[in-house]
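Accompanying notes for the structure given below.
The numbers here are math on the coordinates, done by the rules we state, and not lab data. Note that the structure is a prediction, hence the values are computed from the model and not measured.
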């Protein structure tokens with residue numbers, strides 16, 4: 001739960017940033033950069049992609065500030081922007097994978113930084129990598145839905161509201177996505 005004083009500070013900074021106050025915009029970026037990076041880490045495979053998505057999220061935030069309404073918590077609005085940024089990334093990757101062969105990681109590539117990687121030990125990091133690999137085989141909407149619901153803990157009603165789907169359609173999409181993921185797991189003989 002977010003403290004009321006924190007919500008007031010966000011609302012004040014967002015209102016000032018809406019009027020063009022650069023210092024207020026910088027405060028919002030500094031306050032929420034870690035939360036945005038944690039969410040977007042679920043969508044990417046490299047530090048460079050993560051940096052690009054975080055930057056894109058905050059650019060979208062600045063462009064969208066005139067549309068922000070003070071009747072909703074700023075952090076919820078910002079995480080919705082980050083989610084849409086991640087979803088767009090999944091879509092671009094899906095199109096790119098149809099036309100290009102992605103280079104494989106070389107032993108000289110730097111490892112993911114632990115600052116954003118919630119998995120502290122190598123085994124957990126390997127498992128997280130395997131989950132990302134399996135999710136990459138799903139459609140962008142399926143990946144986004146499962147990522148938000150199972151990895152980020154969002155409720156299905158919250159996901160439905162985020163994407164403008166009905167709750168029934170969201171439940172059906174989640175069921176189908178889990179069924180596809182289960183088939184992928186069985187094909188790899190993980191079950």
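The Kirkwood hydrodynamic radius of region 122-191, based on inverse pair distances between different Cα atoms, is 12.7 Å.
D by Stokes-Einstein for region 1-100, Kirkwood Rh over Cα pairs, 25 °C, 0.890 mPa s: 173 µm²/s.
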